[in-house]
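See below for the structure under consideration.
The values are calculated or read from the model by the stated rules, or taken from the named source; none is laboratory data. All values derive from a computational prediction rather than experimental measurement. We place every Cβ from the backbone using ideal geometry, glycine too, and count neighbours over all the protein chains shown.
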Amino acid sequence: MTEAPDVALSVDSLTKDFKTRGPATRGVAPTMHRAVDSVSLTLVKGEILGLAGASGSGKTTLARCIVRLIEPDTGHVKLGGTDVTQARGKQLRMLRRRIQMIFQDPYASLNPRLTVASALTEVGRVHRRPGSEDSEAFVRNLLQQVHLASGTASRRPNELSGGQRQRVAIARALAAGPEVLIADEAVSALDVSIQAQLLNLFLDLRDEIGLSILFVTHQLAVLAAVADRIAIMQDGRIVESADSTSIFRNPQHAYTRALIDAHPHANPRLRFDARELPTSAEVNA
Amino acid sequence: MIVGAMALCSILAPLIAPHDPNQLDFGAQLRPPSLRNLMGTDENGRDIFSRVLFGLRLDFVVVLALTYVSLPIGLVLGALAGYFGGIVDSLISRLADILLSFPFIVLVVAVIGLVGPGLGGVLIGVPVVSWAFYARLARADMMVMKELPFMEACTALGYSKTRTIFRHAVPNLVRNCLVFSTLDVMGNLLLLASVSYIGLGVQPPTAELGAIVSGGQPYLLNAWWVATLPGLVLVLFGIGVGLIGEGLSDGRHQGTS
Amino acid sequence: MSLLSIGDLSIEFGSPADPLVAVHAVSLSIKPSEVLGLVGESGSGKSLTSRAIMRLIKRPGRITAGEVLFDGRDVLQMSQRELRQFRANDVGMVFQDPFSSLNPVFRIGSQLVDALRMSHDYDRGTAQRTVVDMLDRVGIPRPEHIFRAYPHELSGGMRQRVMIAMATAARPRLLLADEPTTALDVLTQKQILLLLSEMRREYGMAMLLVSHDFGVIAQMCDRVAIMYGGQIVESGPVESIYDSPQHPYTRALLRSVPGLEPVDRANRRQPLDGQPPEIGPLKQACVFAERCAHARDDCRRTPLPLRRISEGHFTACPFEVTSDANYDEAQR
């Protein structure tokens, strides 16, 4: 089966198990918990695919497996046609350049001792990016792309706000020249007005440099602002997947509907139906 | 500042010492402090002030050497143990645990016993043992740091493990090790003085603060200045170093939280 | 007759000679059984304000002006003993981080029993039964089992329920909730908000809900106050604020709240530029002037107090909304 040429990333039957302990298993031998259950998905070039689900849905584990921060147990990950699942050592490091990750916590995802310029030039050097020899221009260019003032280059993370740090994290990812970006709850820790700015930045990156983005979040409403297509994950499986408009106008799966119904509307006349009783599954969350 | 002044003195010792520290003068034994001999003379007629100056110089160099040789060794080994875990960690940690379970001085004396008394013995003996303190510290910090997103980001960015550990983790680990090192400097100072005191360290007639103090002990009652004045200098040195440590700790102790 | 009335509260940090003002001249009131929302972003001072009610401001912060009247008594003037009574019986607090009220080395049950026996004269047996009942009431399944669990064994949502149980153990008349659902995912958030509503109804509690998410506020609150840079910039009934927000910051905030309408190139929302201000010395200007698209010279030169524009609705912006203001209504 040939891959369509415009697929940036494809995941095929990926599975990941973890050992668990907890009040349920106290006194009993630890059981295996299937965090990701044979998940397949496709990220088309130049699109933003949203991956939504509550905590425990497996979406973060899936994201980490794709980037090989965790090793999947079975399944394949293909980056634009190249199977990267088995890559190791140097080959893996070279492949990492093509798929970058933005983490949730803007306060811990940057090395506190490096200035912005150092962090960015290091990436350029390690991956021998074109233009990285002229580090000043390289850095200036990257900062421009993420809408940061050029003066930011000499600052250290602790002098920057959360939104600025996230932009630096994005610039650092871009410095590697990736084809795919995975944003793991990348805006969840930010103020709402800053969130809106960052979401627009992701849209700009998609439009201006054709970046393909997998956007992982538990807030469906965030995806409304940024995703072209959306996949919904529950208990390690994808339960629904469609373009953004269909998901919101015509949700098929009960879990999708539950996520949509759980969105707190800013309109005070659209309040949660107080008569709804939670199911025990939801209460155990 | 205190340490700075002392450092200055010790560097300039050969220039400012009014007398040759080793010049014997049996005509001038045990003279009390005077204008000629600022701290008096010892039982061999040697000027104590000059001896203190030279002794300070020796102490400075040796103690700094001891501490700042142990630090990098321990830091690197601890970082490796913390990062890799598994066998690497087991080996390094067990070794460190063994070393740390003995009283420090006993081990150093044992090494000196093997190598022979004298400064050489101390210079080998101390680092062989004291790297373990730094290793433990670095390992603990590394185990916490390794989980932080910026470390994961290094992997995600395709950095080699070597680069991740040495260019990214270690500079962040150094901070806490430096703070500890000031305590260590004080400890090593006392250690050197103690070991010299019992005759295993610096050999006479070389001037060393601890040796001077011990040499002055028998004369404590009638010629108090022989032991006490150098002793005070020792104390001052220790305080100065301690203050540096506090300053470092306050200013830079935020870590990566 | 207000249950809680805060008058001209100011909280500062730094040296008294050159203070950094975190909260300035904040006044608000809550009637019995009413829910007031406090909305704002980082540095707005909303968390500090809520903590001041229980006098939980630690050094280097200090309350430099104002009064906090609970049922007529000024909390800021209470003696240590009165304060402890007040904290144990009259008011409860739920924090963002469910761990902060729970000691990780003790079991849940024993902590709740201790909390309960501080305010009620129960013997151990009665207290234990009451706690199990409370856990059941906050929707925890198998409460006897959870009674014996440790905090780290529970999920975020469960821990938050336990916190709510602890905070309401003494049937306080006022519940302070500081970002109670921010660390939870959206499904759990809904459960917790519904639980809070239910408890409010059952106990007739008043509530101060602090959040950066306007949606959460809109779901729960009767009235809302919007804070920016340590000051209240607009306040009023929540419908009134939603239908006709007056202050430019409120309008920008409402624009930034993600809705469920898919966005395409045509209807991309125009976000607010810049970022929330850092704590600093008091400025003689409108606190929002630097970031305001409509700011005029005067805005940067004189501080702007709240003015009334209609029943219960106050705003600090003296200008009327013109048709230039671009406000999208992006909800279902």
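Listing for the model above:
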item	result
Identity of the residue in segment A:184-215, within 15 Å of A:ALA63 (Cβ to Cβ) and among the charged types (D, E, K, R), that ends up surrounded by the fewest Cβ atoms within 10 Å (Cβ to Cβ)	A:GLU185
Flag if C:SER50 is at pLDDT below 90 and either within 26 Å of C:GLU202 (Cα to Cα) or surrounded by 15 or more Cβ atoms within 10 Å (Cβ to Cβ) (or both)	no
C:PHE314 being away from chain A (no Cβ under 11 Å), part of a loop (DSSP other than H, G, I, E, B) and hydrophobic (A, V, I, L, M, F, W, C)	no
Hey, C:ARG171 closer than 28 Å to C:LEU4 by Cα, within 13 Å of chain A (Cβ to nearest Cβ) and among the charged types (D, E, K, R) or not	no
Single residue of A:GLN91, A:GLN86 found to be within 14 Å of chain B (Cβ to nearest Cβ), loosely packed, with under 15 Cβ neighbours inside 10 Å and polar (S, T, N, Q)	A:GLN91
Output for segment A:27-41, where each listed residue is part of a loop (DSSP other than H, G, I, E, B) and surrounded by 19 or more Cβ atoms within 10 Å (Cβ to Cβ)	none
Within segment A:42-148, helices (runs of 4 or more DSSP H) holding 3 or more residues that are farther than 30 Å from A:ILE247 by Cβ and out of contact with any Lys or Arg (no Cβ under 7 Å at 6 or more places or on another chain)	A:89-96, A:116-126, A:135-145
Inter-residue pairs, beta-carbon under 8 Å, first more than 7 Å from chain A (Cβ to nearest Cβ) and buried (at least 21 other Cβ atoms within 10 Å of the Cβ) and in segment C:254-270, second modelled with pLDDT of 85 or more and part of a helix (DSSP H, G or I), 6+ apart	C:ARG255/A:ALA196
Residue list for segment A:149-168, filter: within 12 Å of chain C (Cβ to nearest Cβ) and free of Cβ contacts under 8 Å to residues at least 60 places away in the same chain	A:ALA149, A:GLU159, A:LEU160, A:SER161, A:GLY162, A:GLY163, A:GLN164, A:ARG165, A:ARG167
C:SER100, sole failed condition from (1) within 30 Å of C:ARG142 (Cα to Cα); (2) touching a residue at least 40 places away in the same chain (Cβ under 8 Å); (3) surrounded by fewer than 19 Cβ atoms within 10 Å (Cβ to Cβ)	(2)
Residue in segment C:196-221 that is farthest from A:ALA262 (Cα to Cα), counting only those that are more than 13 Å from the chain's Cα centre (by Cα) and facing chain A (nearest Cβ under 9 Å)	C:ARG201
Complete set of residues in segment C:158-175 that are part of a helix (DSSP H, G or I) and at pLDDT 85 or above	C:MET158, C:ARG159, C:GLN160, C:ARG161, C:VAL162, C:MET163, C:ILE164, C:ALA165, C:ALA167, C:THR168
Total residues in segment A:241-272, condition touching a strand residue (DSSP E or B) at 6+ places or on another chain (Cβ under 7 Å), small (Gly, Ala, Ser) and at the interface with chain C (Cβ under 8 Å from one of its Cβ atoms)	1
When residues of segment C:145-157 are limited to those that are closer than 12 Å to C:SER110 by Cα and either facing chain A (nearest Cβ under 8 Å) or free of Cβ contacts under 8 Å to residues at least 40 places away in the same chain (or both), the one surrounded by the fewest Cβ atoms within 10 Å (Cβ to Cβ)	C:ALA149
Residues that are β-branched (Val, Ile, Thr), outside any helix (DSSP H, G or I) and touching a residue at least 40 places away in the same chain (Cβ under 8 Å), drawn from segment A:169-208	A:VAL180, A:ILE182
Members of segment A:184-225 found to be touching a strand residue (DSSP E or B) at 6+ places or on another chain (Cβ under 7 Å), within 12 Å of chain C (Cβ to nearest Cβ) and of a type in the set (D, E, K, R), listed by number	A:GLU185, A:ARG206
Residue list for segment B:168-189, filter: among the aliphatic types (A, V, I, L, M) and over 8 Å from the mean Cα position of the chain (by Cα)	B:ALA169, B:VAL170, B:LEU173, B:VAL174, B:LEU178, B:VAL179, B:LEU183
Positions within segment C:176-192 being of a type in the set (Ser, Thr, Tyr) and either assigned to a helix (DSSP H, G or I) or at the interface with another protein chain (Cβ under 7 Å from one of its Cβ atoms) (or both), in sequence order	C:THR188
Test result for C:ALA167, closer than 30 Å to C:ASP71 by Cβ and in contact with a Gly (Cβ under 7 Å, 6 or more places away or on another chain)	yes
Any hit, segment C:69-78, residues being without any contact (Cβ under 8 Å) to a residue 40 or more places away in the chain, in contact with a helix residue (DSSP H, G or I) (Cβ under 7 Å, 6 or more places away or on another chain) and either assigned to a helix (DSSP H, G or I) or among the acidic types (Asp, Glu) (or both)	yes
Residue list for segment B:118-149, filter: buried (at least 19 other Cβ atoms within 10 Å of the Cβ), within 11 Å of chain A (Cβ to nearest Cβ) and free of Cβ contacts under 8 Å to residues at least 24 places away in the same chain	B:PRO149
Those residues of segment C:64-88 which are surrounded by fewer than 19 Cβ atoms within 10 Å (Cβ to Cβ) and of a type in the set (A, V, I, L, M, F, W, C), in sequence order	C:ALA65, C:LEU69, C:LEU76, C:MET78, C:LEU83, C:ALA88
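Conditions (1) in contact with a Phe, Trp or Tyr (Cβ under 7 Å, 6 or more places away or on another chain); (2) in a helix (DSSP H, G or I); (3) under 16 Å from C:HIS212 (Cβ atoms); (4) more than 9 Å from chain A (Cβ to nearest Cβ), marked per residue:
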site	(1), (2), (3), (4)
C:GLU239	no, yes, no, no
C:TYR242	no, yes, no, no
C:GLN246	no, no, no, yes
C:THR250	no, yes, yes, yes
C:LEU272	no, no, yes, no
C:GLU278	no, no, no, no
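Table: residues versus (1) in contact (Cβ under 8 Å) with a residue 12 or more places away in the chain; (2) part of a helix (DSSP H, G or I); (3) touching a Leu at 6+ places or on another chain (Cβ under 8 Å).
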| position | (1), (2), (3) |
| --- | --- |
| B:VAL179 | yes, yes, yes |
| B:LEU183 | yes, yes, no |
| B:MET186 | yes, yes, no |
| B:SER194 | yes, yes, no |
| B:LEU200 | yes, no, no |
| B:THR206 | yes, no, yes |
| B:ALA211 | yes, yes, no |
| B:GLY216 | yes, yes, no |
